Every structure is written in C-alpha cells, then in structure tokens.
Amino acid sequence: MLDRKNRLRIYNRSFRIVCVASAVFVCLILLSILFFMFRTGILTFRSVPASTFFFSTNWDPENESYGAFLFIFGTVALTALTLAISVPISLFVAVFLSEAAPRWLSNALRPVLDLLVGIPSVVYGFLGLTILIPLLRDITGRQLTDGLLAAAIVLSIMVLPTISRISDDAISAVPAKFKDASYALGATRFQTVFRVMLPSARSGILYGIILGMARAIGETMAVVMVVGNTPQLADSLFKPTSVLTSNIVMQIPNVPFDSTWNYALYLMGFLLLVISLLMIVVIRVLQKKGVKA
C-alpha cells in the first residue's frame, strides 16, 4: 500500500506524461497534414515549372495550363481590402465599448458581439448574395457586382466581432493609472484614447487583427457565394474573380486524384496552411514583445 506522498508523485508523473503525449500527438497531426499537403502538392512541379505556377495568370487545367498567380493575387488583395475596411470600424467599436459607452450598454453589446462570432459563414454568404449584391447593383448601376468588394464587405462583417472583442479586452486591460496620469497632465479624452490607451493595448489589438485576418484568409463558403468564382485577374473591385479557397472548393470534387490538376489544388491548400502558420508565429512574437514591454 503506497503512502500519500508516493501516490501524489505517481499521479503527478502520470498527468505530466498524458499532457506531454497530448501535445506531441497534436504536433504530429499538424506535421502530418503539412507533410501530406506538401508531398502531394510538390508533384505539380513534375509537369509545371514553378515560375509558371506562381507567376502565370493562365488557369486552364483542361488544356494543361496551371497558372495560380491570379488566385494568389486575389487572396492577398481580398485580405488587404478586408483589413482596410474592418480594422478602423473594429477599433472604433472597441473604443466605444471600453471608453465611451455606459456600463449597461457595454454589458449588453458584448454578448451580442460574442454571438455574432458563432454565426455560420454560410449565413453571411447567403445574406451577401441576396442583400448586398443587389444593393451594390442598385448603387453602382452595374449588371455584375460580384467580386472583391462584395467579398471584402462580407468578410469584414464576419471578422469585425472578433477584432472588436479582442481589442476591447486589450483596451480594458490597460491599467487605470495610465489614463489618470494622462488626464492629470491635461490631455483631452481623445488624446488619452489615441495616444495612451491604444498604444498601450497595441499587442492585444494586433493579436485580434491577425486572428481576424487568419479567419478571413481561410474562409470559403461566404467567399464562394459572392466573389464570382471566375478564374480571371481582378483589375476592378466589381470584376468577378476567384481566390485560393474558392478555387479549391469549386474544383476539387471533379478532379481526378492522380493528376496535375489535383496536385495543383493541393499545393494551393499548402500555401494557405503556410500563410496561417506564419500568422500564428507573428501572434507569438507579438505576445512576447507585449510581455517584455
């Protein structure tokens, strides 16, 4: 019969082993996915030069043309446009909740934002297809308004709750003495918010922005429903185009498994994984800088 000290030692050691094993298991899953996507995607270059895949805009798999630049450009442009629309609005919402709104209103709005985060993306896409696109058609007078602008507006609405709530928490976590010191030096409320509170909460705000953008980059259904899904380079905000996610989901069901076409789609998926992982690395770096600061 073991005494209490030995039992606790065994329990602690067992718990540590389980935790380490779980962490290793998760890492193995991630590495396995990366390896599988890379191993399959790299086969594209047996038939297609890397320069053609990354820099050509001619995507015509039926005629053995696999230029993915237009999808990469569309993904980057859509993310940048979403960033330009969503970040300013999200910051104003966060500042309003943390600094300007009455407590009862903030307590009522924060759960609403939390609920908006959980709405399925297909709902946003359906609303964009049935409400936003006809509205843009009426405003612009164009017959076709599918494209980057419609997709960016839908994605901005999707990521706004995430960025707003994280930024709100970051601003609320700034010590009250910073604000008091600013007021004591004669600063106005505007100056205190934009020169003291926001810079102090910078790492948390950037954390929220990167999380929101990671969701925007990987979003599929909402983008598929409003972007147009046409393999052409977007030289206008209202020109139907396609991005990496929409191209993969639209074409993968009809592609032969052992084909260059299939390998090219896997390579696109690998690029999305790499972008997401780079964003996670940026988040960790920003967190460390915030701790040191």
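Read-outs: derived from the displayed coordinates by stated rules, not from any lab. Since the structure is predicted, the reported quantities are computational estimates derived from the model, not experimental observations. Heads up, the Cβs are rebuilt from the backbone with ideal geometry, glycines too, and the neighbour counts pull from every protein chain shown.
A few remarks follow.
- Per-residue ellipticity at 222 nm, computed for the chain from helices alone with -39500 (n - 2.57) per DSSP H run of at least four residues, works out to -23000 deg cm²/dmol.
- Amide H partners (placed H, <5 Å) of residue 65, local residues excluded: 60
- Among complete DSSP H helices in the chain, those whose alpha-carbon atoms stretch at least 30 Å along the helix's long axis and whose mean Kyte-Doolittle hydropathy reaches 1.0 are 69-95, 148-172, 260-292.
- Each residue of segment 187-193 is assigned a 3J(HN,Hα), and the resulting list reads 6, 7, 5, 4, 5, 5, 5 Hz, derived from the Karplus form 6.51 cos²θ - 1.76 cosθ + 1.60 (θ = phi - 60°), x at Gly and Pro.
- Mean separation of Cα contacts under 8 Å, 6 or more apart, over the residue count of the chain: relative contact order %: 26 percent
- Charge dipole of the chain (Cα centre as origin; +1 on each Lys and Arg Cβ, -1 on each Asp and Glu Cβ, all else neutral): 1800 debye, rounded to the nearest 20.
- Listed residues 93, 162, 248: farthest to the positive end of the dipole of segment 50-292 (Cβ charges): 93
- Rg and Dmax [Cα atoms of segment 4-46; Å; Rg one decimal, Dmax integer]: 18.7, 63
- Charged neighbours of residue 262, selected by a Cβ distance under 15 Å, balance to -1 (K, R count +1; D, E count -1).
- Selected from 113, 160, 132 as most flexible by GNM, with the chain as the system and alpha-carbon contacts under 10 Å: 113
- Each other residue within a Cβ distance under 15 Å of residue 79 adds +1 if Lys or Arg and -1 if Asp or Glu, for a net charge of 0.
- Compactness of the chain as Cα Rg over 2.2 N^0.38 Å, two decimals: 1.24
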